[in-house]
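Trainee: Once you've had a glance at the structure underneath, I'll fire off some questions.
Each value in this text was obtained by applying a stated rule to the coordinates, not by laboratory testing. Model, not experiment: these values are computed from the prediction. Neighbour counts run over all protein chains shown; Cβ positions are idealised from the backbone, glycine included.
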Amino acid sequence: MELAIADKITQKPAIKRNVYENVTQQFNKASDLMDLDPDIRKILATTTNEIIVHFPAIMDNGRIEMFTGYRVQHNNVLGPYKGGLRYHPAVDIDEVRALATWMTWKCAIAGIPFGGAKGGIAFDPSKHSFGEMERITRRFTYALNGNIGPEYDIPAPDVNTNSQIMAWILDTYLSSVTPQERNRSIHIVTGKPIASGGSQGRDKATGQGTVFCIEQWAKDKNFDLNNATYMIQGFGNVGSWAAKLLKPFGSKLVAVEDHTGAISNPEGIDPDKLAIYVKERKGVHGYPAAEPVDHESFFKTKADIFIPAALENQITAETAPLLNVKLVAEGANGPTDIEGDGILQEKNIDLLPDILCNGGGVIVSYFEWLQNKRSESWELEEVDERLRKKVINAYKKVKNTSQEFNTDWRTGAYIVALSSIQEVYRTRGIFP
Ligand code: GLU
């Protein structure tokens, strides 16, 4: 399967931590600090719908294989459920619950009218051909059936899924509605190919949002990005775009790790050249213009900025003490666990939390959704400018709230999200 490899990295620890526990602890900390209404707290502490589907797909050898897919809808009080679909062997119900919940907070912080959802299939896409990927994706879409919809729950790309996968979902979904419905349903997914109603700038959007946040942080700190050094974990969509977009500032990429290994070069690694290499070789391993390093040395790299852009639970009690950076800008969802967070704070490392720092993807998904509904297509400059405004606005809200509550930025970001959701429940109440 010729998927552009998205953010995937083999997690080193053999035991998979339960990421949903991270969400619960983050949520409890913020709820206590802001004194969240106890009734609203009960509602938000759990997901709304959890859909698990077991579905068959025909393999190239003519045999059937069964797959397990998920869609978890956390909350839709701010708007339709929204969030990506992940194809990865580590996908399970707790991971999808955690990712769905983070989507609710992310959309609330970004100020876009969506709730939170996430889904995926637990399998390894690298073991399947292009044709198998198509059949798996189409059968998954068919299995989800009425659980997704353009005004109800809108999927998008995530780890190991891309615009091609979205095109198959779109086509399968449209084939299931009446001919009259078809052309007003293309906002069933976002992150589509441009020719099928995708938005300019959606591909780079998450990396772009991360870089807008870093730029704003640098401005606040009077920190010069020219000649600054950065390291990245994960060189899929988010990591490679963030790397490429930092290059024009004169910043230097000094180390990269992905599921194939880690590389370092204190003189700088060219992100554009590395992206071409990774596309061909499916990983950073063996990149000629850098030295191979091990996992520990990668974490010990001296750099100004670290962008984790792979999977969850990478900055932990084991790895956080090794970090020698000024800022962690979370391009991935949930890259830092609770212990990792504590250590970053002790070490005075600044943090741009995921639910702020990687919101660019879903923000441009919202623009795509709007363009589809209005039968419009915006120029890249317009998309970028609108994205910049939304990201900077969110950044300022998180910064001010963290200061107001004298807390860390992750907790500040939660308080921004929870306050806006609380406001809606307060006035609307619950039925009956
Ligand atoms: N998967 C992305 C995320 O985690 C984008 C979701 C979307 O665009 O709906 O934010």
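Trainee: Scan segment 216-226 residue by residue and report those that are crowded, with 19+ Cβ neighbours inside 10 Å and touching a residue at least 12 places away in the same chain (Cβ under 8 Å).
Mentor: Passing the criteria: Trp217, Leu225.
Trainee: So in segment 322-376, with the set limited to residues that are within 13 Å of the ligand (Cβ to nearest atom) and of a type in the set (D, E, K, R), which one is surrounded by the most Cβ atoms within 10 Å (Cβ to Cβ)?
Mentor: Glu368
Trainee: If I filter segment 46-100 down to residues being farther than 19 Å from Ala143 by Cβ, assigned to a loop (DSSP other than H, G, I, E, B) and of a type in the set (A, V, I, L, M, F, W, C), which single residue comes out as nearest to the ligand (Cβ to nearest atom)?
Mentor: Among those residues, the one meeting the criterion is Leu78.
Trainee: Test each condition in (1) free of Cβ contacts under 8 Å to residues at least 12 places away in the same chain; (2) touching a Leu at 6+ places or on another chain (Cβ under 9 Å); (3) not aliphatic (A, V, I, L, M) for His88 and report the one that comes out false.
Mentor: His88 satisfies all of (1) free of Cβ contacts under 8 Å to residues at least 12 places away in the same chain; (2) touching a Leu at 6+ places or on another chain (Cβ under 9 Å); (3) not aliphatic (A, V, I, L, M) except (1).
Trainee: So which of Ala242, Ala167 is within 16 Å of the ligand (Cβ to nearest atom), under 23 Å from Phe299 (Cβ atoms) and either crowded, with 22+ Cβ neighbours inside 10 Å or not basic (Lys, Arg) (or both)?
Mentor: Numbers: Ala167 fails: under 23 Å from Phe299 (Cβ atoms).
Just one listed residue meets the conditions, Ala242.
A quick yes/no check of all residues on (1) of a type in the set (Ser, Thr, Tyr); (2) part of a loop (DSSP other than H, G, I, E, B); (3) under 19 Å from Ser240 (Cβ atoms); (4) touching a residue at least 12 places away in the same chain (Cβ under 8 Å):
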position	(1), (2), (3), (4)
Ile263	no, no, yes, yes
Ala275	no, no, yes, yes
Val278	no, no, yes, yes
Tyr287	yes, yes, yes, yes
Ser297	yes, no, no, yes
Pro321	no, no, no, yes
Gly331	no, yes, yes, yes
Leu351	no, no, no, yes
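Trainee: For segment 145-164, give me each residue that is surrounded by fewer than 18 Cβ atoms within 10 Å (Cβ to Cβ) and of a type in the set (Gly, Ala, Ser).
Mentor: If the condition is that a residue be surrounded by fewer than 18 Cβ atoms within 10 Å (Cβ to Cβ) and of a type in the set (Gly, Ala, Ser), then Gly146, Gly149 are the ones that fit.
Trainee: For Ile194, indicate whether it is away from the ligand (no atom under 12 Å from the Cβ) and surrounded by 24 or more Cβ atoms within 10 Å (Cβ to Cβ).
Mentor: Taking the combined requirement at face value, the residue does not satisfy it.
Trainee: Still on this structure, I have one more. Of the residues Thr178, Thr229, which single one is closer than 23 Å to Leu323 by Cβ, away from the ligand (no atom under 16 Å from the Cβ), surrounded by fewer than 24 Cβ atoms within 10 Å (Cβ to Cβ) and hydroxyl-bearing (Ser, Thr, Tyr)?
Mentor: Thr229
Trainee: Okay, next question. Of the residues Ser419, Ser365, which single one is assigned to a helix (DSSP H, G or I), of a type in the set (Gly, Ala, Ser) and closer than 26 Å to Asn183 by Cα?
Mentor: Ser365
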